[in-house]
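Quick notes on the structure that follows.
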Amino acid sequence: MKHLFVTGTDTGIGKTIVSAWLCKHWEADYWKPVQSGLEGGSDSEWVARLSHARIHPETHRLTQPLSPHQAAEIDGVKIQLSDFELPQTERLVVEGAGGSLVPLNWRDTMLDLMKHLGSCALLVARSGLGTINHTCLSLQALKGAGVPVLGVILVGEVNSANREAIEHFGEVPVLAELPVFNEISEQALSDFGMPERLVRALNSL
C-alpha cells in the first residue's frame, strides 16, 4: 500500500485543500487520524465533498478546535499511539492535525504518529514572507526524527525566491505550488493539474 502523511508548518495552512487535491488526482483514499473540532464540518467531510474520495473514519473525533492533547483532555479521552492503524487500501492520503510537533498527549506528537505509521511526509507551507524559517525548521524536525520527506507544497502566490531558498536550505524539492482558490470547489481542484515532478515523486513511494 502507498500512503503519504500530509503535515504543515502551522494550522490553517491549507492541508485539507492539498489533501483533497491529492486524493482527486492521485485517486487515493483519505484518513484523518485525529479530528479536533466538529463545528462547521470535519476535514473528512470537506475532502469528501471536494474529491469524492473514499473516506476512512477518524480514530478520534474531538469536539473542541484545539491541540489534540488539550481537546482530548476536555472530552475525557486518552490518546495513545497504539490506537492508530493504517486503513488497508491501495493508496492513502493521511492528514495530520496542525504541524509536525503538535502533541497528541503529554508524551507523543504528530512526529511520533508518523513514525508509528511508517509514513513519508509531505510538508504544506505558505509561499509568502516567513515561510523559509517555518518550513526549514519543520523539515529539520522531520529529518531529525527520522521521518522521510517526499517534498514541500507551497500554497499562495508564486514566490520563486522563497521556493529556491527552501529547496537550497531545506534540501528537499518543492513539488507543487497551489494558489489560494477564489472558490473552493471540486471543479477548481480538478482544473488545477498535478505537476509532473509531483507525479514522479508519488510514483516513487
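The values are calculated or read from the model by the stated rules, or taken from the named source; none is laboratory data. Since we're looking at a predicted model, the values are computed, not measured. Cβ sites come from the backbone with ideal geometry, for glycine too, and all protein chains shown count toward neighbours. Calculation scope for accessible area: heavy atoms of the full protein, side chains included, ligands and nucleic acids excluded. Shrake-Rupley method; radii C 1.70, N 1.55, O 1.52, S 1.80 Å.
In the range 122-135 there is at least one residue that is within 30 Å of P179 (Cα to Cα), out of contact with any helix residue (DSSP H, G or I) (no Cβ under 9 Å at 6 or more places or on another chain) and touching a residue at least 60 places away in the same chain (Cβ under 8 Å). Here E85 meets the list (1) closer than 29 Å to F169 by Cα; (2) modelled with pLDDT of 95 or more almost entirely, failing just condition (1). The numbered conditions (1) open to solvent by less than 10 Å² (accessible area, probe 1.4 Å); (2) touching a helix residue (DSSP H, G or I) at 6+ places or on another chain (Cβ under 7 Å) are all true for A72 except (2).
Taking the range 106-126 as the region of interest, how many residues are open to solvent by 10 Å² or more (accessible area, probe 1.4 Å) and either out of contact with any Pro (no Cβ under 8 Å at 6 or more places or on another chain) or in a helix (DSSP H, G or I) (or both)?
The number of residues fulfilling the criteria is 10.
If you go through the range 20-38 and keep only what is assigned to a helix (DSSP H, G or I), open to solvent by less than 20 Å² (accessible area, probe 1.4 Å) and either in contact with a Phe, Trp or Tyr (Cβ under 6 Å, 6 or more places away or on another chain) or among the charged types (D, E, K, R) (or both), you end up with just C23.
Any idea which residue in the range 39-65 is surrounded by the fewest Cβ atoms within 10 Å (Cβ to Cβ), counting only those that are among the aliphatic types (A, V, I, L, M) and over 17 Å from G14 (Cα atoms)? This residue is I55.
Considering only residues that are in a helix (DSSP H, G or I), surrounded by 15 or more Cβ atoms within 10 Å (Cβ to Cβ) and touching a residue at least 60 places away in the same chain (Cβ under 8 Å), which ones fall in the range 149-203? Of everything in the range 149-203, those that are in a helix (DSSP H, G or I), surrounded by 15 or more Cβ atoms within 10 Å (Cβ to Cβ) and touching a residue at least 60 places away in the same chain (Cβ under 8 Å) turn out to be L189, L202.
Collect the residues in the range 136-148 that are farther than 11 Å from S100 by Cβ and part of a helix (DSSP H, G or I), keeping them in residue-number order. Hit for the range 136-148 is C136, nothing else. List pairs: first residue in the range 101-119 and closer than 24 Å to Q64 by Cβ, second residue open to solvent by 80 Å² or more (accessible area, probe 1.4 Å) and aliphatic (A, V, I, L, M) anywhere in the structure, Cβ distance under 8 angstrom, at least six positions apart or on different chains. From residues that are closer than 24 Å to Q64 by Cβ, the pairs are T109/L101; M110/L101; L111/L101.
Scan the range 50-85 for residues that are under 19 Å from the mean Cα position of the chain (by Cα), part of a loop (DSSP other than H, G, I, E, B) and more than 30 Å from D191 (Cα to Cα) and the total you get is 6.
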